[in-house]
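Accompanying notes for the structure given below.
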Amino acid sequence: MADARYAAAILLCLLPAAVLSYGFPAALKLERAIPASHEMEISQLKARDRARHGRLLQSLGGVIDFPVDGTFDPFVVGLYYTKLRLGSPPRDFYVQVDTGSDVLWVSCASCNGCPQTSGLQIQLNYFDPGSSVTATPISCSDQRCSWGVQSSDSGCSVQNNLCAYTFQYGDGSGTSGFYVSDVLQFDMIVGSSLVPNSTAQVVFGCSTSQTGDLVKSDRAVDGIFGFGQQGMSVISQLASQGLAPRVFSHCLKGENGGGGILVLGEIVAPNIVFTPLVPSQPHYNVNLLSISVNGQALPINPSVFSTSNGQGTIIDTGTTLAYLSEAAYVPFVEAITNAVSQSVRPVVSKGNQCYVIATSVADIFPPVSLNFAGGASMFLNPQDYLIQQNNVGGTAVWCIGFQRIQNQGITILGDLVLKDKIFVYDLVGQRIGWANYDCSMSVNVSATSSSGRSEYVNAGQFSDSAAPQKPSLDIFRNTLMLLLLVINMFL
(Lines give C-alpha, C1' and ligand atoms only; values in the text may rest on other atoms or scores of the structure.)
Protein backbone atom coordinates (compact mmCIF):
# COMPACT_ATOMS: atom_id res chain seq x y z
CA MET A 1 0.00 0.00 0.00
CA ALA A 2 2.89 2.37 0.72
CA ASP A 3 4.12 1.83 -2.85
CA ALA A 4 0.64 2.57 -4.20
CA ARG A 5 0.42 5.82 -2.23
CA TYR A 6 3.90 6.83 -3.42
CA ALA A 7 3.04 6.16 -7.10
CA ALA A 8 -0.27 7.95 -6.75
CA ALA A 9 1.38 10.97 -5.14
CA ILE A 10 3.87 11.28 -8.02
CA LEU A 11 1.11 11.07 -10.65
CA LEU A 12 -1.07 13.54 -8.81
CA CYS A 13 1.80 16.02 -8.81
CA LEU A 14 2.06 15.60 -12.58
CA LEU A 15 -1.64 16.24 -13.16
CA PRO A 16 -2.50 19.72 -14.42
CA ALA A 17 -4.19 21.81 -11.79
CA ALA A 18 -7.15 22.32 -14.11
CA VAL A 19 -8.15 18.67 -13.55
CA LEU A 20 -9.90 19.63 -10.35
CA SER A 21 -11.93 22.26 -12.15
CA TYR A 22 -13.52 19.84 -14.62
CA GLY A 23 -15.89 18.32 -12.09
CA PHE A 24 -13.93 15.21 -11.07
CA PRO A 25 -14.81 14.02 -7.53
CA ALA A 26 -12.37 14.99 -4.81
CA ALA A 27 -12.42 11.43 -3.45
CA LEU A 28 -12.47 8.23 -5.50
CA LYS A 29 -13.87 5.00 -4.12
CA LEU A 30 -11.48 2.15 -4.96
CA GLU A 31 -12.45 -1.47 -4.46
CA ARG A 32 -9.99 -4.29 -4.01
CA ALA A 33 -10.22 -6.41 -7.17
CA ILE A 34 -7.57 -9.00 -6.27
CA PRO A 35 -7.98 -11.21 -3.19
CA ALA A 36 -5.75 -10.44 -0.22
CA SER A 37 -4.11 -13.82 -0.70
CA HIS A 38 -2.98 -12.68 -4.19
CA GLU A 39 -3.93 -16.15 -5.48
CA MET A 40 -5.11 -15.52 -9.06
CA GLU A 41 -4.16 -17.31 -12.25
CA ILE A 42 -2.46 -15.28 -14.98
CA SER A 43 -5.34 -16.13 -17.31
CA GLN A 44 -7.76 -14.61 -14.78
CA LEU A 45 -5.65 -11.46 -14.57
CA LYS A 46 -5.52 -11.16 -18.36
CA ALA A 47 -9.27 -11.64 -18.61
CA ARG A 48 -9.78 -8.99 -15.94
CA ASP A 49 -7.49 -6.56 -17.78
CA ARG A 50 -9.28 -7.15 -21.08
CA ALA A 51 -12.63 -6.49 -19.46
CA ARG A 52 -11.31 -3.33 -17.85
CA HIS A 53 -9.72 -2.08 -21.07
CA GLY A 54 -12.99 -2.77 -22.84
CA ARG A 55 -14.89 -0.66 -20.31
CA LEU A 56 -12.42 2.19 -20.69
CA LEU A 57 -12.72 2.12 -24.48
CA GLN A 58 -16.50 1.87 -24.33
CA SER A 59 -16.63 5.04 -22.28
CA LEU A 60 -14.63 6.96 -24.87
CA GLY A 61 -15.16 5.49 -28.34
CA GLY A 62 -12.72 6.23 -31.14
CA VAL A 63 -11.54 5.71 -34.70
CA ILE A 64 -10.27 2.25 -35.66
CA ASP A 65 -7.69 1.95 -38.43
CA PHE A 66 -6.97 -1.06 -40.66
CA PRO A 67 -4.05 -1.31 -43.12
CA VAL A 68 -4.94 -1.87 -46.79
CA ASP A 69 -3.02 -3.71 -49.50
CA GLY A 70 -3.88 -5.01 -52.95
CA THR A 71 -5.08 -3.31 -56.12
CA PHE A 72 -8.07 -3.20 -58.48
CA ASP A 73 -5.96 -4.35 -61.46
CA PRO A 74 -7.26 -7.81 -62.45
CA PHE A 75 -3.95 -8.59 -64.17
CA VAL A 76 -2.08 -8.05 -60.88
CA VAL A 77 -4.31 -8.83 -57.89
CA GLY A 78 -7.88 -7.76 -58.49
CA LEU A 79 -8.80 -7.30 -54.83
CA TYR A 80 -8.09 -5.18 -51.76
CA TYR A 81 -7.30 -6.84 -48.45
CA THR A 82 -6.38 -5.95 -44.90
CA LYS A 83 -4.59 -7.65 -42.02
CA LEU A 84 -6.43 -8.57 -38.81
CA ARG A 85 -5.07 -9.91 -35.53
CA LEU A 86 -7.29 -12.57 -33.96
CA GLY A 87 -7.01 -14.74 -30.85
CA SER A 88 -4.78 -14.96 -27.79
CA PRO A 89 -1.93 -14.98 -28.54
CA PRO A 90 -2.87 -12.96 -31.63
CA ARG A 91 -2.19 -14.29 -35.11
CA ASP A 92 -2.26 -12.36 -38.38
CA PHE A 93 -4.94 -13.06 -40.97
CA TYR A 94 -5.22 -11.43 -44.39
CA VAL A 95 -8.84 -10.93 -45.41
CA GLN A 96 -10.51 -9.36 -48.44
CA VAL A 97 -12.38 -6.10 -47.80
CA ASP A 98 -15.95 -6.81 -48.92
CA THR A 99 -18.85 -4.39 -48.61
CA GLY A 100 -21.05 -6.91 -50.44
CA SER A 101 -21.30 -9.35 -47.51
CA ASP A 102 -21.75 -9.16 -43.75
CA VAL A 103 -19.63 -11.73 -41.95
CA LEU A 104 -15.93 -11.88 -41.11
CA TRP A 105 -14.60 -15.39 -41.60
CA VAL A 106 -11.14 -16.97 -41.78
CA SER A 107 -9.86 -20.42 -42.67
CA CYS A 108 -10.10 -22.88 -39.80
CA ALA A 109 -7.41 -25.36 -38.80
CA SER A 110 -9.76 -28.19 -39.82
CA CYS A 111 -10.53 -26.63 -43.22
CA ASN A 112 -11.03 -29.00 -46.14
CA GLY A 113 -9.67 -27.75 -49.46
CA CYS A 114 -8.43 -24.41 -48.21
CA PRO A 115 -5.43 -22.97 -50.10
CA GLN A 116 -2.00 -23.61 -48.62
CA THR A 117 -0.07 -20.83 -50.37
CA SER A 118 -0.84 -17.48 -51.96
CA GLY A 119 0.49 -15.76 -55.07
CA LEU A 120 0.10 -12.46 -53.19
CA GLN A 121 3.33 -13.19 -51.31
CA ILE A 122 1.55 -13.33 -47.96
CA GLN A 123 1.78 -16.02 -45.31
CA LEU A 124 -1.56 -17.82 -45.00
CA ASN A 125 -2.72 -18.84 -41.54
CA TYR A 126 -5.36 -21.11 -40.09
CA PHE A 127 -7.40 -20.20 -37.05
CA ASP A 128 -7.28 -22.90 -34.37
CA PRO A 129 -9.88 -22.34 -31.61
CA GLY A 130 -8.00 -24.80 -29.39
CA SER A 131 -4.80 -22.71 -29.54
CA SER A 132 -6.43 -19.45 -28.45
CA VAL A 133 -7.12 -19.14 -24.73
CA THR A 134 -9.91 -16.64 -25.42
CA ALA A 135 -11.77 -18.55 -28.16
CA THR A 136 -15.28 -19.84 -27.49
CA PRO A 137 -17.37 -21.70 -30.09
CA ILE A 138 -20.88 -20.27 -30.47
CA SER A 139 -23.52 -22.84 -29.52
CA CYS A 140 -26.95 -23.13 -31.10
CA SER A 141 -28.57 -21.77 -27.93
CA ASP A 142 -26.35 -18.67 -27.89
CA GLN A 143 -28.36 -15.56 -28.71
CA ARG A 144 -25.59 -14.41 -31.04
CA CYS A 145 -26.29 -17.40 -33.29
CA SER A 146 -29.48 -15.63 -34.38
CA TRP A 147 -27.38 -12.82 -35.87
CA GLY A 148 -26.15 -15.21 -38.51
CA VAL A 149 -29.66 -15.93 -39.75
CA GLN A 150 -29.73 -12.40 -41.22
CA SER A 151 -26.46 -12.89 -43.09
CA SER A 152 -26.26 -16.50 -44.22
CA ASP A 153 -27.82 -19.92 -44.31
CA SER A 154 -27.35 -20.46 -40.60
CA GLY A 155 -28.08 -23.71 -38.86
CA CYS A 156 -27.15 -26.04 -36.04
CA SER A 157 -24.95 -29.08 -36.06
CA VAL A 158 -26.81 -31.92 -34.35
CA GLN A 159 -23.55 -33.71 -33.56
CA ASN A 160 -21.71 -30.93 -31.71
CA ASN A 161 -24.37 -28.22 -31.08
CA LEU A 162 -22.29 -25.61 -32.97
CA CYS A 163 -23.81 -22.60 -34.70
CA ALA A 164 -22.97 -23.27 -38.34
CA TYR A 165 -23.13 -21.19 -41.52
CA THR A 166 -22.99 -21.55 -45.30
CA PHE A 167 -22.25 -18.72 -47.76
CA GLN A 168 -22.63 -18.66 -51.52
CA TYR A 169 -21.09 -15.71 -53.35
CA GLY A 170 -22.10 -14.21 -56.68
CA ASP A 171 -19.06 -15.68 -58.50
CA GLY A 172 -20.14 -19.22 -57.60
CA SER A 173 -17.61 -19.72 -54.80
CA GLY A 174 -18.73 -20.74 -51.34
CA THR A 175 -17.69 -21.53 -47.79
CA SER A 176 -19.13 -23.20 -44.74
CA GLY A 177 -18.07 -23.55 -41.12
CA PHE A 178 -19.06 -22.55 -37.61
CA TYR A 179 -19.06 -19.37 -35.56
CA VAL A 180 -16.61 -18.63 -32.76
CA SER A 181 -16.13 -15.71 -30.40
CA ASP A 182 -12.61 -14.43 -29.82
CA VAL A 183 -10.51 -11.32 -29.38
CA LEU A 184 -9.94 -8.90 -32.26
CA GLN A 185 -6.87 -6.71 -31.74
CA PHE A 186 -6.71 -3.29 -33.42
CA ASP A 187 -5.26 0.20 -33.20
CA MET A 188 -7.59 2.97 -32.05
CA ILE A 189 -7.31 6.71 -31.65
CA VAL A 190 -9.23 8.02 -28.64
CA GLY A 191 -9.40 11.76 -28.15
CA SER A 192 -5.88 12.85 -29.03
CA SER A 193 -4.12 9.59 -28.13
CA LEU A 194 -3.23 6.45 -30.05
CA VAL A 195 -4.26 3.29 -28.20
CA PRO A 196 -2.37 0.44 -29.90
CA ASN A 197 -3.28 -3.22 -29.41
CA SER A 198 -6.81 -2.45 -28.23
CA THR A 199 -9.08 -5.49 -28.07
CA ALA A 200 -12.72 -6.41 -28.41
CA GLN A 201 -14.62 -9.68 -28.35
CA VAL A 202 -16.21 -10.39 -31.74
CA VAL A 203 -18.02 -13.28 -33.37
CA PHE A 204 -16.66 -14.52 -36.70
CA GLY A 205 -16.70 -17.57 -38.91
CA CYS A 206 -14.22 -20.44 -38.78
CA SER A 207 -14.27 -21.88 -42.31
CA THR A 208 -14.05 -25.67 -42.60
CA SER A 209 -14.81 -25.89 -46.32
CA GLN A 210 -14.26 -23.66 -49.37
CA THR A 211 -15.08 -24.00 -53.06
CA GLY A 212 -14.65 -22.12 -56.34
CA ASP A 213 -12.29 -19.17 -56.64
CA LEU A 214 -11.69 -19.18 -52.89
CA VAL A 215 -9.42 -22.21 -53.23
CA LYS A 216 -7.29 -20.81 -56.06
CA SER A 217 -3.80 -20.04 -54.80
CA ASP A 218 -2.92 -17.24 -57.26
CA ARG A 219 -4.65 -14.59 -55.13
CA ALA A 220 -5.62 -16.57 -52.05
CA VAL A 221 -6.27 -14.83 -48.73
CA ASP A 222 -7.20 -16.15 -45.30
CA GLY A 223 -10.84 -15.11 -45.51
CA ILE A 224 -13.31 -12.31 -46.15
CA PHE A 225 -14.05 -9.25 -44.02
CA GLY A 226 -17.73 -8.43 -44.56
CA PHE A 227 -18.73 -4.80 -43.98
CA GLY A 228 -22.49 -5.17 -44.37
CA GLN A 229 -25.14 -3.71 -42.07
CA GLN A 230 -26.46 -6.89 -40.43
CA GLY A 231 -25.87 -7.75 -36.77
CA MET A 232 -23.09 -10.26 -37.46
CA SER A 233 -20.85 -7.72 -39.23
CA VAL A 234 -17.85 -6.56 -37.21
CA ILE A 235 -18.80 -2.90 -37.56
CA SER A 236 -22.24 -3.66 -36.07
CA GLN A 237 -20.69 -5.65 -33.23
CA LEU A 238 -18.14 -2.96 -32.34
CA ALA A 239 -20.78 -0.24 -32.56
CA SER A 240 -23.09 -2.17 -30.21
CA GLN A 241 -20.21 -2.35 -27.70
CA GLY A 242 -19.65 1.40 -27.95
CA LEU A 243 -16.19 0.95 -29.46
CA ALA A 244 -16.79 2.44 -32.90
CA PRO A 245 -19.33 4.64 -34.65
CA ARG A 246 -21.81 3.16 -37.13
CA VAL A 247 -19.91 4.68 -40.02
CA PHE A 248 -16.87 3.47 -41.94
CA SER A 249 -14.84 4.84 -44.81
CA HIS A 250 -12.28 3.74 -47.36
CA CYS A 251 -10.01 5.29 -49.95
CA LEU A 252 -8.64 2.62 -52.29
CA LYS A 253 -5.52 3.61 -54.18
CA GLY A 254 -5.55 2.72 -57.87
CA GLU A 255 -2.05 3.28 -59.17
CA ASN A 256 1.53 2.66 -57.97
CA GLY A 257 0.93 -0.59 -56.16
CA GLY A 258 -2.52 0.08 -54.75
CA GLY A 259 -3.20 -0.02 -51.02
CA GLY A 260 -5.20 2.71 -49.34
CA ILE A 261 -7.07 3.67 -46.19
CA LEU A 262 -9.80 1.82 -44.26
CA VAL A 263 -11.20 3.26 -41.03
CA LEU A 264 -14.18 2.78 -38.76
CA GLY A 265 -15.10 6.46 -38.68
CA GLU A 266 -16.16 9.16 -41.12
CA ILE A 267 -13.63 10.61 -43.53
CA VAL A 268 -14.49 14.29 -43.80
CA ALA A 269 -13.75 16.37 -46.90
CA PRO A 270 -15.40 19.52 -48.25
CA ASN A 271 -16.40 18.06 -51.63
CA ILE A 272 -18.08 14.80 -50.55
CA VAL A 273 -21.57 14.34 -51.99
CA PHE A 274 -24.14 11.92 -50.54
CA THR A 275 -26.99 9.84 -51.87
CA PRO A 276 -29.51 7.93 -49.72
CA LEU A 277 -29.27 4.18 -49.27
CA VAL A 278 -32.27 2.26 -50.52
CA PRO A 279 -33.96 0.99 -47.32
CA SER A 280 -34.52 -2.66 -46.42
CA GLN A 281 -31.92 -4.06 -48.83
CA PRO A 282 -29.34 -6.76 -48.03
CA HIS A 283 -26.57 -4.81 -49.78
CA TYR A 284 -25.48 -1.20 -50.13
CA ASN A 285 -28.06 -0.31 -52.74
CA VAL A 286 -28.31 3.23 -54.14
CA ASN A 287 -30.66 4.80 -56.68
CA LEU A 288 -28.79 5.33 -59.96
CA LEU A 289 -30.95 7.57 -62.17
CA SER A 290 -28.92 8.08 -65.34
CA ILE A 291 -25.50 7.87 -67.01
CA SER A 292 -23.95 10.77 -68.93
CA VAL A 293 -21.07 10.66 -71.41
CA ASN A 294 -19.43 13.98 -72.28
CA GLY A 295 -22.23 15.71 -70.41
CA GLN A 296 -24.99 14.09 -72.47
CA ALA A 297 -27.46 11.77 -70.75
CA LEU A 298 -27.69 8.37 -72.44
CA PRO A 299 -31.08 7.16 -73.77
CA ILE A 300 -31.65 4.61 -71.01
CA ASN A 301 -35.06 4.02 -69.47
CA PRO A 302 -34.78 4.91 -65.72
CA SER A 303 -36.65 1.71 -64.84
CA VAL A 304 -33.50 -0.18 -65.86
CA PHE A 305 -31.84 1.05 -62.66
CA SER A 306 -34.84 0.72 -60.28
CA THR A 307 -34.43 -1.33 -57.11
CA SER A 308 -36.96 -4.16 -56.93
CA ASN A 309 -37.01 -7.95 -56.86
CA GLY A 310 -33.24 -8.38 -56.74
CA GLN A 311 -32.56 -5.54 -59.15
CA GLY A 312 -30.82 -2.23 -58.54
CA THR A 313 -27.39 -0.66 -58.13
CA ILE A 314 -24.95 -2.11 -55.58
CA ILE A 315 -21.66 -0.69 -54.28
CA ASP A 316 -19.35 -3.64 -53.67
CA THR A 317 -15.60 -3.63 -52.91
CA GLY A 318 -15.63 -7.42 -53.29
CA THR A 319 -16.19 -7.01 -57.05
CA THR A 320 -13.14 -6.19 -59.19
CA LEU A 321 -14.73 -4.62 -62.26
CA ALA A 322 -18.15 -2.98 -62.83
CA TYR A 323 -21.31 -4.41 -64.35
CA LEU A 324 -24.29 -2.98 -66.27
CA SER A 325 -27.49 -4.59 -67.44
CA GLU A 326 -27.84 -5.15 -71.18
CA ALA A 327 -30.16 -2.16 -71.60
CA ALA A 328 -27.55 0.20 -70.11
CA TYR A 329 -24.37 -1.48 -71.39
CA VAL A 330 -25.10 -1.17 -75.11
CA PRO A 331 -25.79 2.60 -75.20
CA PHE A 332 -22.86 3.21 -72.83
CA VAL A 333 -20.34 1.42 -75.08
CA GLU A 334 -21.80 3.00 -78.20
CA ALA A 335 -21.44 6.49 -76.73
CA ILE A 336 -17.81 5.90 -75.75
CA THR A 337 -16.95 4.44 -79.16
CA ASN A 338 -18.63 7.27 -81.05
CA ALA A 339 -16.73 9.85 -78.98
CA VAL A 340 -13.29 8.41 -79.80
CA SER A 341 -13.75 6.75 -83.20
CA GLN A 342 -11.77 9.47 -85.00
CA SER A 343 -8.74 9.10 -82.71
CA VAL A 344 -8.44 5.37 -82.01
CA ARG A 345 -8.95 2.03 -83.73
CA PRO A 346 -11.84 0.12 -82.17
CA VAL A 347 -11.37 -3.66 -81.94
CA VAL A 348 -13.24 -6.48 -80.24
CA SER A 349 -11.15 -8.77 -78.05
CA LYS A 350 -12.71 -11.86 -76.46
CA GLY A 351 -16.13 -10.26 -76.63
CA ASN A 352 -14.98 -6.98 -75.06
CA GLN A 353 -14.95 -3.62 -76.82
CA CYS A 354 -11.35 -2.43 -76.93
CA TYR A 355 -9.38 0.38 -78.54
CA VAL A 356 -5.85 0.57 -79.96
CA ILE A 357 -4.34 3.83 -78.75
CA ALA A 358 -1.04 5.57 -79.47
CA THR A 359 -1.45 8.35 -76.89
CA SER A 360 -2.81 8.91 -73.39
CA VAL A 361 -6.41 7.83 -72.73
CA ALA A 362 -6.90 11.00 -70.69
CA ASP A 363 -6.39 13.05 -73.87
CA ILE A 364 -8.91 11.10 -75.94
CA PHE A 365 -11.67 9.49 -73.92
CA PRO A 366 -14.64 11.46 -72.58
CA PRO A 367 -15.60 11.99 -68.96
CA VAL A 368 -18.50 9.91 -67.63
CA SER A 369 -20.86 10.70 -64.77
CA LEU A 370 -23.17 8.38 -62.86
CA ASN A 371 -26.09 10.41 -61.57
CA PHE A 372 -27.83 9.36 -58.35
CA ALA A 373 -30.82 10.33 -56.24
CA GLY A 374 -30.36 13.46 -54.18
CA GLY A 375 -28.45 15.26 -56.91
CA ALA A 376 -25.17 13.41 -56.29
CA SER A 377 -23.02 12.55 -59.31
CA MET A 378 -19.99 10.28 -59.47
CA PHE A 379 -17.50 11.56 -62.03
CA LEU A 380 -15.39 8.92 -63.76
CA ASN A 381 -12.09 9.54 -65.49
CA PRO A 382 -11.21 7.25 -68.43
CA GLN A 383 -9.11 5.06 -66.08
CA ASP A 384 -12.30 4.51 -64.03
CA TYR A 385 -14.09 2.72 -66.87
CA LEU A 386 -11.19 1.40 -68.99
CA ILE A 387 -8.72 -1.45 -68.35
CA GLN A 388 -5.33 -1.56 -70.09
CA GLN A 389 -4.91 -5.01 -71.60
CA ASN A 390 -1.43 -4.71 -73.11
CA ASN A 391 1.17 -2.27 -74.40
CA VAL A 392 3.30 -3.17 -77.43
CA GLY A 393 5.61 -0.97 -79.49
CA GLY A 394 4.30 2.36 -78.27
CA THR A 395 0.65 1.44 -78.79
CA ALA A 396 -1.68 0.24 -76.05
CA VAL A 397 -4.91 -1.73 -76.05
CA TRP A 398 -7.51 -0.42 -73.62
CA CYS A 399 -10.83 -2.18 -73.08
CA ILE A 400 -14.14 -1.14 -71.56
CA GLY A 401 -13.95 -2.30 -67.93
CA PHE A 402 -17.72 -2.33 -67.50
CA GLN A 403 -19.09 -5.79 -68.20
CA ARG A 404 -22.47 -6.83 -69.52
CA ILE A 405 -25.00 -8.66 -67.32
CA GLN A 406 -27.63 -10.35 -69.45
CA ASN A 407 -31.23 -10.88 -68.34
CA GLN A 408 -30.69 -9.14 -65.00
CA GLY A 409 -31.43 -5.57 -64.01
CA ILE A 410 -28.36 -5.30 -61.80
CA THR A 411 -25.66 -2.65 -61.77
CA ILE A 412 -22.57 -3.42 -59.65
CA LEU A 413 -19.95 -0.77 -58.99
CA GLY A 414 -16.73 -2.59 -58.11
CA ASP A 415 -13.15 -1.58 -57.42
CA LEU A 416 -12.58 -0.28 -60.96
CA VAL A 417 -15.03 2.54 -60.18
CA LEU A 418 -14.52 2.83 -56.41
CA LYS A 419 -10.74 3.35 -56.50
CA ASP A 420 -9.17 6.80 -56.18
CA LYS A 421 -12.19 8.06 -54.29
CA ILE A 422 -13.16 8.61 -50.68
CA PHE A 423 -16.23 6.55 -49.79
CA VAL A 424 -18.22 7.07 -46.60
CA TYR A 425 -20.86 4.57 -45.45
CA ASP A 426 -23.03 6.41 -42.92
CA LEU A 427 -25.20 3.67 -41.43
CA VAL A 428 -26.87 6.01 -38.95
CA GLY A 429 -27.88 8.51 -41.62
CA GLN A 430 -28.48 5.67 -44.13
CA ARG A 431 -26.48 7.31 -46.88
CA ILE A 432 -23.30 6.81 -48.88
CA GLY A 433 -20.96 9.63 -49.90
CA TRP A 434 -17.94 9.93 -52.16
CA ALA A 435 -15.42 12.32 -53.64
CA ASN A 436 -12.56 11.91 -56.12
CA TYR A 437 -9.31 11.84 -54.13
CA ASP A 438 -5.64 10.91 -54.26
CA CYS A 439 -5.67 8.01 -51.80
CA SER A 440 -1.91 8.23 -51.23
CA MET A 441 -2.57 11.47 -49.33
CA SER A 442 -3.76 11.92 -45.76
CA VAL A 443 -7.40 12.24 -44.77
CA ASN A 444 -9.33 13.73 -41.85
CA VAL A 445 -11.48 11.31 -39.91
CA SER A 446 -14.24 12.00 -37.41
CA ALA A 447 -15.21 9.32 -34.88
CA THR A 448 -18.84 10.42 -34.97
CA SER A 449 -20.55 12.04 -37.93
CA SER A 450 -22.22 14.70 -35.77
CA SER A 451 -19.40 15.65 -33.38
CA GLY A 452 -17.43 17.82 -35.79
CA ARG A 453 -14.14 16.55 -34.31
CA SER A 454 -11.56 15.28 -36.79
CA GLU A 455 -8.55 13.02 -36.24
CA TYR A 456 -5.67 12.98 -38.70
CA VAL A 457 -5.02 9.70 -40.50
CA ASN A 458 -1.97 9.37 -42.70
CA ALA A 459 -2.60 6.34 -44.95
CA GLY A 460 -3.20 4.09 -41.96
CA GLN A 461 -0.89 5.88 -39.50
CA PHE A 462 -2.59 7.95 -36.84
CA SER A 463 -1.63 11.38 -35.55
CA ASP A 464 -3.80 14.25 -34.40
CA SER A 465 -4.73 17.12 -36.69
CA ALA A 466 -6.97 18.75 -34.12
CA ALA A 467 -4.49 18.57 -31.27
CA PRO A 468 -5.25 21.39 -28.81
CA GLN A 469 -2.61 23.95 -28.04
CA LYS A 470 -3.35 23.69 -24.31
CA PRO A 471 -4.28 20.75 -22.07
CA SER A 472 -7.70 19.40 -23.05
CA LEU A 473 -10.32 17.40 -21.23
CA ASP A 474 -9.17 14.35 -23.22
CA ILE A 475 -5.70 14.64 -21.66
CA PHE A 476 -7.14 14.98 -18.16
CA ARG A 477 -9.37 11.99 -18.67
CA ASN A 478 -6.56 9.82 -20.03
CA THR A 479 -4.20 10.86 -17.21
CA LEU A 480 -6.83 10.04 -14.62
CA MET A 481 -7.30 6.58 -16.18
CA LEU A 482 -3.54 6.04 -15.99
CA LEU A 483 -3.61 7.03 -12.31
CA LEU A 484 -6.37 4.54 -11.56
CA LEU A 485 -4.55 1.77 -13.43
CA VAL A 486 -1.31 2.35 -11.49
CA ILE A 487 -3.11 2.41 -8.13
CA ASN A 488 -4.96 -0.79 -9.05
CA MET A 489 -1.66 -2.57 -9.78
CA PHE A 490 -0.55 -2.15 -6.17
CA LEU A 491 -3.86 -3.13 -4.52
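Run through the DSSP bridge list for region 58-263 and note the antiparallel percent, rounded to the nearest 5.
Numbers: 51 of 60 bridges.
Rounded to the nearest five, the antiparallel share is 85 percent.
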Leaving out ligands, DNA and RNA but keeping every protein chain, what accessible area does GLU326 have, in Å² rounded to the nearest 10, with a 1.4 Å probe?
70 Å²
If one computes P(r) from the Cα atoms of region 58-263, what percent of pairs lie at distances over 22 Å?
47 percent
Quick one: check the C-alpha center-to-center distance for region 164-229 versus region 254-288, whole angstrom.
20 Å
Ignoring ligands and nucleic acids, what accessible area does VAL340 show with a 1.4 Å probe (Å², nearest 10)?
0 Å²
Relative contact order, percent, region 58-263 [alpha-carbon distance under 8 Å, six or more residues apart]:
32 percent
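In square nanometres, what is the average projected area of the Cα convex hull of region 270-436? List each step's numbers first, then the result.
Details: hull surface 40.6 nm².
Spelled out: convex hull of the Cα atoms, projected over all directions, averaged, 10.2 nm².
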What figure in square angstrom, to the nearest 10, would you give for the accessible area of TRP434 with a 1.4 Å probe?
10 Å²
Taking the alpha-carbon centroid of each part, what is the distance from region 83-126 to region 323-354 in angstrom?
38 Å
How much length would be gained if the chain were fully extended between SER440 and SER280, taking 0.36 nm per residue of separation minus their Cα-Cα distance, in nm to one decimal?
54.1 nm
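Take the alpha carbon gyration tensor of region 242-342, find the square roots of its eigenvalues, order them as a ≥ b ≥ c, and report rounded if a/c is under 1.5; if not, report prolate when a/b exceeds b/c, else oblate. Don't skip to the end; give the middle numbers.
Numbers: a/c = 2.21, a/b = 1.44, b/c = 1.53.
It comes out oblate by the Cα gyration axes.
The values are calculated or read from the model by the stated rules, or taken from the named source; none is laboratory data. Worth saying up front: this structure is predicted, and the values here are computed from it rather than measured. Note: accessible area is taken over every heavy atom of the protein model, side chains too, but ligands, DNA and RNA are not part of it. Shrake-Rupley method; radii C 1.70, N 1.55, O 1.52, S 1.80 Å.
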